[in-house]
Amino acid sequence: MKKSLLALACSLALPALAAYPEKPVTIVVPFAAGGPTDKVARDLAEVLRKGLHNQTVIIENVGGAGGTLGAAKVAKAAPDGYTLLLHHIGMATSPALYRNLPYKTLDDFEYVGMINEVPMTVVGRASLPANNWAELRKWIDANKGKINLANAGLGAASHLCGLLFQQSLGADMTTVPYKGTAPAMTDLLGGQVDLMCDQTTNTSGQIESGKIKAFAVTTNKRLTMPGLAKLPTLEESGLKGFNVTIWHALYAPKGTPKAVTDTINAALKSALKDPDFIKREEALGAVVITDARVNGPEHKKFVESEINKWGPAIKAAGQYAD
Ligand code: ASP
């Protein structure tokens, strides 16, 4: 009797899985619209839908608390493949930053696969008196206690970069948190904040048009993008060992059927081979993932290694939130 009930349940469930998705799929972006994570999500959504029966992929921005509000929303969502999370390195830094993270990073999600890697830039308002790294360093030393550093909250990429940047310089800046670096960029453009560390996907256009000043890149190699190739690395500027690269990946709530996450993963893999998507990413300084981390299990292993890499540095900096 038990067996036949199980068979009946399976026969009812299977056609539904085979048809996935039958309605629009929502990707939660845990930061404000118009920012670097949002840009990746919107570009990806356009190509991802091709592998999802051409269903609409809706982007929902749930910014706040450095990405943890959006991640928590997806952790609690129905595990049916219709609510996904597109998050970044914050998946790996938040466990060390939050005493009471409202989800378990490694247990509450199905890891679908990794999308891209993005370098960061140290940028400042156009009216800053400094024009290069050496001048910026002098200006920081001369203005101790008066400098504002924008970020997207504890757990954001801009927070991690800013934290390491201040630590390496021995500088203590006043951080101004936003729901994403899109609104932070608005204030940097308006001169309301002095400095920010942010991904090239959000800064390259503003740097190239001269609306903000750029001082360095956070990767250990210079960038090849024409407008940004002249920027020194922080490492060559004297901040030994400084090397921060941001990554983005897709997640589903824990318990989402494997057949569904496999479909999303297949759609992701085709999207990452789409020449237009690759071109759009490259133009913004991002590099599309071509290695095994495009698979859920390998991405999960990578996140574990990132938790182990960044956790001690964050704990040493003594930054926590409840
Ligand atoms: N990626 C965030 C955003 O999209 C910013 C950050 O992590 O610093 O706004």
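The strands (runs of 3 or more DSSP E) falling completely within region 147-207 include none with 2 or more residues that are closer than 16 Å to V118 by Cα and open to solvent by 30 Å² or more (accessible area, probe 1.4 Å). Might you check whether a residue that is at pLDDT below 95, surrounded by fewer than 20 Cβ atoms within 10 Å (Cβ to Cβ) and part of a helix (DSSP H, G or I) occurs anywhere in region 53-74? So far as region 53-74 goes, no, none of its residues is at pLDDT below 95, surrounded by fewer than 20 Cβ atoms within 10 Å (Cβ to Cβ) and part of a helix (DSSP H, G or I).
Taking T83, is it away from the ligand (no atom under 16 Å from the Cβ), over 28 Å from P312 (Cβ atoms), touching a residue at least 40 places away in the same chain (Cβ under 8 Å) and open to solvent by 10 Å² or more (accessible area, probe 1.4 Å)? Taking the combined requirement at face value, the residue satisfies it. The set of residues in region 181-204 being of a type in the set (G, A, S) and within 15 Å of the ligand (Cβ to nearest atom) consists of A182, A184, S204.
The residues of region 156-180 that are under 23 Å from K240 (Cα atoms), touching a residue at least 40 places away in the same chain (Cβ under 8 Å) and either more than 16 Å from the ligand (Cβ to nearest atom) or not aromatic (F, W, Y) (or both), listed by number, are A156, A157, S158, H159, L160, C161, L163, L164, Q167, S168, L169. Every test in (1) more than 12 Å from the ligand (Cβ to nearest atom); (2) surrounded by 19 or more Cβ atoms within 10 Å (Cβ to Cβ) is passed by P102 save one, and that test is (2). Candidates in region 292-322 are the residues that are of a type in the set (G, A, S) and modelled with pLDDT of 95 or more; of these, the one that is nearest to N116 (Cα to Cα) is A292. So which residues in region 41-52 are surrounded by 24 or more Cβ atoms within 10 Å (Cβ to Cβ) and either more than 21 Å from V118 (Cβ to Cβ) or within 14 Å of the ligand (Cβ to nearest atom) (or both), if there are any at all? Scanning region 41-52 gives A41, L44.
The values are calculated or read from the model by the stated rules, or taken from the named source; none is laboratory data. What you are looking at is a predicted structure, and each value in this text was computed from that prediction instead of being measured. All Cβ positions, glycine included, derive from the backbone under ideal geometry; neighbour counts span all protein chains shown. For the accessible areas, the whole protein counts, side chains as well, though only heavy atoms, and no ligand, DNA or RNA atoms are used. Shrake-Rupley method; radii C 1.70, N 1.55, O 1.52, S 1.80 Å.
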